[in-house]
Amino acid sequence: MPETQLTRDADTLLCLMYKQYKESRNSGISKRNAKHLGSCDDIHSNLPLSWSVSDVFETCCELSRCDFLVCTFADDTVYDSWLSDAGIIYMESRFKNNLNSLLEYITKIIGCIPL
């Protein structure tokens, strides 16, 4: 199976989504609710990104094509979305379920990409 390759923007967004998921799980939120991310507008509002909603949409589409994000599309946007099991597994194997190494990586990439 070929290694998944993501753009830097997609990698950043996936890391931020996974961080939110881990924090929710650590706070006692159910897996089902922790996976839920909402619409592009919700993602744009809830994650620390200075991207346009259009850029969030395009990046969500990229993550959806990689099966890391499950999206419901309506009116030419992401109407609702969930972090997929494949996305969680990818991030767990990447960071070995260690939130500290994830936070260090996010801090590193923040310097490379305008958030």
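Restricting attention to the range 79-102 and to residues that are among the small types (Gly, Ala, Ser) and within 15 Å of Thr4 (Cβ to Cβ), the residue that is modelled with the lowest pLDDT turns out to be Ser93.
Looking at Leu49, Leu14, just one residue is modelled with pLDDT under 95 and buried (at least 19 other Cβ atoms within 10 Å of the Cβ), and that residue is Leu49.
From the list Ser30, Ser64, Ser50, Ser24, the one residue that fits, being among the polar types (S, T, N, Q) and farther than 19 Å from Met91 by Cβ, is Ser50.
One residue stands out among those in the range 46-91 that are of a type in the set (Ser, Thr, Tyr) and assigned to a helix (DSSP H, G or I): the one that is farthest from Lys35 (Cα to Cα), which is Ser54. Could you grab me the full set of residues in the range 25-43 that are assigned to a helix (DSSP H, G or I) and buried (at least 17 other Cβ atoms within 10 Å of the Cβ)? Ala34, Lys35, Cys40, Ile43 - these are the residues of the range 25-43 that are assigned to a helix (DSSP H, G or I) and buried (at least 17 other Cβ atoms within 10 Å of the Cβ). The residues in the range 24-51 that are without any contact (Cβ under 8 Å) to a residue 60 or more places away in the chain and over 16 Å from Glu62 (Cβ atoms) can be counted, and the count is 18. Among the criteria (1) modelled with pLDDT under 95; (2) surrounded by 14 or more Cβ atoms within 10 Å (Cβ to Cβ), the one Asp76 does not fulfil is (2).
The values are calculated or read from the model by the stated rules, or taken from the named source; none is laboratory data. The structure presented is a predicted model; accordingly, all values stated were derived computationally and were not measured. Note: ideal-geometry Cβ built from the backbone for every residue, glycine included; neighbour counts use all protein chains shown.
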